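**Student:** Structure below; questions to follow.
Bear in mind these aren't lab numbers, they're just calculated from the coordinates by the rules spelled out. Nothing here was measured: the structure is a model prediction, and the numbers come from that model. All Cβ positions, even for glycine, are placed from backbone atoms using ideal geometry, and neighbour counts span all protein chains on display.
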Amino acid sequence: MDKLKAKSYAKINLALDVKGKRDDGYHFVEMVLQSIDLYDKLEFEMCDDIFLECDRKDIPTDRSNLIIKAADLLKREFGGYGVHIRLEKNIPIAAGLAGGSSNAAATLVALNKLWNLNIKLSVLKDLAVSLGADVPFCIDGGTKVASGIGDVLQDLHTPNLKLLIVKPHISVSTKDVYTEYDNLSFIENNYTKNMVDAINSGSIMNICMSLGNDLERITIKKYPIIGDIKKTMVERGALGTLMSGSGPTVFGVFDDSAKLGVAYDSFVADGFYAYISNTIDKGIELYE
């Protein structure tokens, strides 16, 4: 085998609690992470060195890209070869959807197979933490309770959710949002515990009523358009809405496909990026 393809799926946060800050700058968090069927495509082809090309000119293809960092890390730790990687980018960047982390996860999984390294999945996930807190989750995908810095994962099983993903034309720095959060008084919201209970109940309405994200009060204050999107989404039929991660992307949960379609058309007409999505049970899909 000298060529392999992968789909790397985006994620949303059904719940996010910030629990404190570590000395290394990472934050202790509790979250419920959920994969969705929005994905980037990657193609890996054996060659003499490690190269990346992308269909988007605003995506760096040098060694600052997590894809290259993942390939370099794998080769340095376990040996390997060269690879020419082609990225077709569909997941919005700096959006709270873990697009970069998902790409890195796909690179680790794909090159493990392409280079015949035979690394155990548990070892691969331990390695992934050094690339970013969301990368281990993106290797598995599905629905997970995440704790620690986001790298300690426990399985959950969410009912299928119909989603509308909407992103305003702004980008948000995760680092800046957490820095501002640290300056606020701490509030114990227990969004994650409530969401786990809601998911275990099997009720989509309970899930919608339990959506919560500690970082919303930071990002919405700085970018009120996010709050406007949430309000409009409910007016257009969403049962519940939430900002994903540090933002600025907002998702809404719908139980009516017709209302979902109308809401999608309305947001597109208003000039927003919008995507109709569903929850899925995987983070990476390899194919030839």
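**Student:** For the chain, what is the charge dipole size about the Cα centre, in debye to the nearest 20, if Lys and Arg each add +1 at the Cβ and Asp and Glu each add -1 at the Cβ?
**Tutor:** Once rounded to the nearest 20, the dipole reads 160 debye.
**Student:** Now a separate question. Using θ = phi - 60° and the Karplus curve 6.51 cos²θ - 1.76 cosθ + 1.60, what whole-Hz ³J(HN,Hα) does each residue of the range 93-108 get, with Gly and Pro shown as x?
**Tutor:** Running phi through 6.51 cos²θ - 1.76 cosθ + 1.60 with θ = phi - 60° gives 8, 6, 10, x, 10, 6, x, x, 5, 5, 4, 5, 4, 4, 5, 4 Hz.
**Student:** Arrange Cys208, Cys47 by Cβ neighbour counts within 10 Å, fewest through most, would you?
**Tutor:** Cys47, Cys208
**Student:** Sequence-distant or interchain residues sharing an amide H contact under 5 Å with Gly150, placed H: which?
**Tutor:** HN-HN under 5 Å from Gly150: Val29.
**Student:** Residue separation times 0.36 nm, minus the C-alpha to C-alpha distance between Asn190 and Tyr81: what's the value?
**Tutor:** Roughly 34.6 nm would be gained on extension.
**Student:** Could you give the size of the charge dipole of the range 1-81 about its Cα centre, using +1 on the Cβ of each K and R and -1 on the Cβ of each D and E, expressed in debye and rounded to the nearest 20?
**Tutor:** 240 debye
**Student:** Here's another thing I want to ask about it. For Ile229, Ile149, which order do you get if you count the other beta carbons within 10 Å of each Cβ and list the fewest first?
**Tutor:** Starting with the residue having the fewest Cβ neighbours, the order is Ile149, Ile229.
**Student:** Oh, and also: Calculate the length of the line joining the C-alpha centroid of the range 1-59 to that of the range 149-213, in whole Å.
**Tutor:** So the two Cα centres are separated by 18 Å.
**Student:** Mind checking the angle between helix 225-235 and the chain's longest principal axis? C-alpha axes, 0 to 90 degrees, to the nearest 10.
**Tutor:** 60 degrees
**Student:** For the range 162-278, what's the radius of gyration and Dmax over Cα atoms, in angstrom?
**Tutor:** Expressed in Å, the Cα Rg and Dmax of the range 162-278 come to 14.5, 43.
**Student:** Can you pull the percent of Cα pairs in the chain with separation above 28 Å?
**Tutor:** 36 percent
**Student:** Next question, about the same structure. Within the range 62-106, find all residues whose amide N lies under 15 Å from a label point positioned 7 Å from the Cα of Asp55 along Cα-to-beta-carbon.
**Tutor:** Once the point is set 7 Å along Cα→Cβ of Asp55, 86-93 turn out to lie under 15 Å by backbone N, inside the range 62-106.
**Student:** Further question: So if we plug the beta-carbon distance of His169 and Arg63 into 1/(1 + (r/R0)^6) with R0 = 25 Å, what FRET efficiency do we get, rounded to 0.05?
**Tutor:** Step by step, r from the Cβ atoms, then E = 0.30.
**Student:** If you wrap the range 1-135's Cα atoms in a convex hull and average its projection over all directions, what's the area in nm²?
**Tutor:** Convex hull of Cα atoms, orientation-averaged projection: 8.5 nm².
**Student:** If you take the beta carbon distance between Asn116 and Met205 as r and set R0 to 45 Å, what does 1/(1 + (r/R0)^6) give as a FRET efficiency, to the nearest 0.05?
**Tutor:** For R0 = 45 Å, the calculated efficiency reads 0.40.
**Student:** For Tyr287 and Thr179, FRET efficiency with R0 = 51 Å and r from the beta-carbon atoms, rounded to 0.05?
**Tutor:** 0.80
**Student:** Still on this structure, I have one more. Can you compute the helix-only [θ] at 222 nm over the chain? Use -39500 (n - 2.57) per DSSP H run of at least 4 residues, normalise by all residues, nearest 500 deg cm²/dmol.
**Tutor:** When only DSSP H runs of four or more count, the value is -10000 deg cm²/dmol.
**Student:** Now a separate question. What order do you get for Phe186, Phe267, Phe51 when you list them from fewest to most C-beta neighbours inside 10 Å?
**Tutor:** Fewest-to-most ranking of Phe186, Phe267, Phe51: Phe186, Phe51, Phe267.
**Student:** Here's a follow-up. If amide H atoms are built 1.01 Å from N in the plane of the peptide, which residues on other chains or at least 5 residues away come under 5 Å of the amide H of Tyr273?
**Tutor:** Distant-sequence amide H within range of Tyr273: Lys167.
**Student:** In this model, which of Lys144/Lys175; Lys175/Lys222; Lys11/Lys41; Lys162/Lys259 are farther than 18 Å apart at the alpha-carbon?
**Tutor:** Lys144/Lys175, as the Cα separations exceed 18 Å there.
**Student:** Taking one equal scatterer on every alpha-carbon of the range 80-182, how large is log10 of I(q)/I(0) by Debye at q = 0.19, 0.23, 0.24 1/Å?
**Tutor:** -1.16, -1.37, -1.39
**Student:** Right, another one. Mind checking the angle between helix 257-269 and the chain's longest principal axis? C-alpha axes, 0 to 90 degrees, to the nearest 10.
**Tutor:** Approximately 80 degrees, to the nearest ten.
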